[in-house]
Amino acid sequence: MLYSAYELGYAALTPARMAAGLGARFWRSALNPMAETWLARSTAAAFDVFENATRRYPKPEWGLQTTMVNGAAIPVAIETAVEKSFCDLLHFRRDEAALKKVRGRTIDDPKVLIVAPLSGHYATLLRGTVEAMLPEHDVYVTDWANARGVPVSAGRFDLNDYVDYLIEFMRHLGPGAHAMAVCQPGPALLAAAAVMAEDDDPCRPATMTIMGSPIDARRSPTVPNLLSQERSYEWFERNMIYTTPPPYVGALRRVYPGFVQLYSFLSMNHDRHLNAHYDYFRQLVAGDGDSAEKHRRFYDEYLSVLDLTEEFYLQTIREVFQEFSLAEGNFMHRGRRVKPEAITDIALLTVEGENDDISGIGQTQAAHDLCVNLPAALKSDYIQPGVGHYGVFNGGRWRAEIQPRVAKFIRAHGDAARRAMRAAAE
């Protein structure tokens with residue numbers, strides 16, 4: 001019922017939203033003699049704020065058509081390397097001829113699988129992450145589907161399927177590739193690496209970077225962690241799962257709606273978001289186009305959300321946030337216990353933000369405690385001062401301080417892995 005009520009509310013606001021758009025254009029029109037008055041600017045700004053607060057936000061574009069290498073713009077083409085029902089593996093293919101011309105040598109950049117979170121936002125939330133990695137890496141990204149757009153005939157998708165997808169994607173990249181999990185997918189990537197290590201899979205990643213992730217959500221619990229522990233599994237099942245209504249392609253699929261997750265995000269920092277919109281109003285009135293555009297770009301991304309399948313959401317709540325299955329050594333994948341202790345040669349880097357209010361300090365570091373048979377020389381941990389959750393993988397600190405460490409880690413252990421593979425082949 002909630003999903004249908006949400007859609008009904010959106011439809012009911014459509015006339016007012018259209019009227020607000022027309023009103024904003026009227027008050028800003030060059031033909032309006034009052035356009036430059038305070039009254040006109042304030043009215044137009046108010047209409048703009050209302051229209052942006054009530055409209056539907058589509059999936060954002062990546063907007064990454066080039067990358068800068070040695071001061072030269074290298075064309076980038078985004079291709080679908082693997083197409084699955086619930087996820088496409090995107091390849092950000094750089095123009096090899098242009099790269100070779102700039103560098104004057106054959107291109108042998110590390111292949112990196114960036115595992116985007118499936119927690120309400122689209123993979124484009126990692127635009128800054130990808131942009132910083134592109135100059136020196138051959139980048140692949142998991143582009144998760146909106147569950148309301150996947151027909152029921154495509155079947156179910158749960159946490160075990162998620163792990164299977166990561167294994168398939170690593171096999172597509174081939175031996176010697178690297179993996180990076182941002183936020184939510186940390187446990188799934190660690191599980192996939194453990195399964196591949198136990199099977200001695202030649203395509204297991206050479207390195208694994210896990211950033212701001214709930215490997216063990218009991219450590220430094222945050223507000224979302226405490227909520228997951230205070231409420232029962234049945235409460236989440238009763239209150240967070242709804243049926244997708246027509247005319248969506250995924251009609252009748254049971255989902256955790258993106259708008260419910262978005263409300264949770266907004267309520268955590270409601271004062272900050274209210275102040276941001278008030279500042280946006282003032283920027284429009286003052287004619288501060290640059291600041292207003294920066295606000296729009298951020299919220300175009302932040303307010304664009306996707307639905308999660310019922311089974312994936314509920315299994316994640318139970319396994320990661322209530323029973324701590326991976327941390328306790330009880331996580332099962334396709335009938336077998338996942339064994340992080342089987343990881344002996346996959347270099348591990350964990351990254352946390354000092355002010356992270358989603359995954360507290362220590363939650364990501366727990367990966368080192370689980371990989372008990374991984375030599376200390378292959379383990380590295382870094383805590384970035386002065387950043388919250390988002391700053392771990394985006395923004396100035398990510399570009400200037402975190403990404404260079406990640407790149408250095410990948411290069412160092414990737415070169416060692418390649419040397420070992422060549423020695424084994426000989």
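Hey, does region 16-39 have a residue that's free of Cβ contacts under 8 Å to residues at least 24 places away in the same chain and within 30 Å of R127 (Cα to Cα)?
First pass over region 16-39, keeping only residues free of Cβ contacts under 8 Å to residues at least 24 places away in the same chain: 18-19, 22, 25-37, 39.
If we keep only those that are within 30 Å of R127 (Cα to Cα) as well, we get none.
No, there is no match, as no residue in region 16-39 is free of Cβ contacts under 8 Å to residues at least 24 places away in the same chain and within 30 Å of R127 (Cα to Cα).
In region 132-160, what count of residues is obtained for those that are over 14 Å from the mean Cα position of the chain (by Cα) and surrounded by 19 or more Cβ atoms within 10 Å (Cβ to Cβ)?
Of the residues in that region, 12 qualify.
Listed residues A72, A97; which is assigned by TED's automatic domain parsing to the domain that holds A193, surrounded by fewer than 17 Cβ atoms within 10 Å (Cβ to Cβ) and hydrophobic (A, V, I, L, M, F, W, C)?
On inspection, the qualifying residue turns out to be A97.
Could you list, in sequence order, all residues of region 75-94 that are surrounded by 13 or more Cβ atoms within 10 Å (Cβ to Cβ) and out of contact with any Ser or Thr (no Cβ under 7 Å at 6 or more places or on another chain)?
I78, A81, V82, K84, S85, F86, H91, F92, R93
Determine whether M68 is assigned to a loop (DSSP other than H, G, I, E, B), touching a helix residue (DSSP H, G or I) at 6+ places or on another chain (Cβ under 8 Å) and not polar (S, T, N, Q).
Considered against the rule, which asks whether it is assigned to a loop (DSSP other than H, G, I, E, B), touching a helix residue (DSSP H, G or I) at 6+ places or on another chain (Cβ under 8 Å) and not polar (S, T, N, Q), M68 comes out as no.
State yes or no: is L374 in contact (Cβ under 8 Å) with a residue 60 or more places away in the chain, of a type outside the set (K, R) and either buried (at least 22 other Cβ atoms within 10 Å of the Cβ) or assigned to a strand (DSSP E or B) (or both)?
no
Given the structure, is P224 under 21 Å from the mean Cα position of the chain (by Cα) and either closer than 20 Å to G329 by Cβ or not assigned by TED's automatic domain parsing to the domain that holds N373 (or both)?
no
If a residue has to be within 30 Å of R282 (Cβ to Cβ) and either of a type in the set (G, A, S) or more than 20 Å from the chain's Cα centre (by Cα) (or both) to count, how many in region 57-96 make the cut?
Matching residues across region 57-96 total 1.
Read through the list (1) buried (at least 18 other Cβ atoms within 10 Å of the Cβ); (2) at negative phi, then give the number of the only condition that R272 fails.
(1)
Just give me the residues in region 390-408 being among the hydrophobic types (A, V, I, L, M, F, W, C) and assigned to a loop (DSSP other than H, G, I, E, B), in sequence order.
Within region 390-408, F393 is the sole residue that qualifies.
Show the residue pairs meeting these rules: Cβ distance below 7 Å; 6+ apart or different chains; first residue within region 401-426 and assigned by TED's automatic domain parsing to the domain that holds V139 and at pLDDT 55 or above; second residue of a type in the set (D, E, K, R) and part of a helix (DSSP H, G or I).
These pairs meet every condition: A407/E136.
The values are calculated or read from the model by the stated rules, or taken from the named source; none is laboratory data. Just so it is clear, the structure is predicted and the values come from calculations on it, not from any experiment. Don't worry about glycine lacking a Cβ; one is built from the backbone with ideal geometry, like all the others, and counts go over all protein chains shown.
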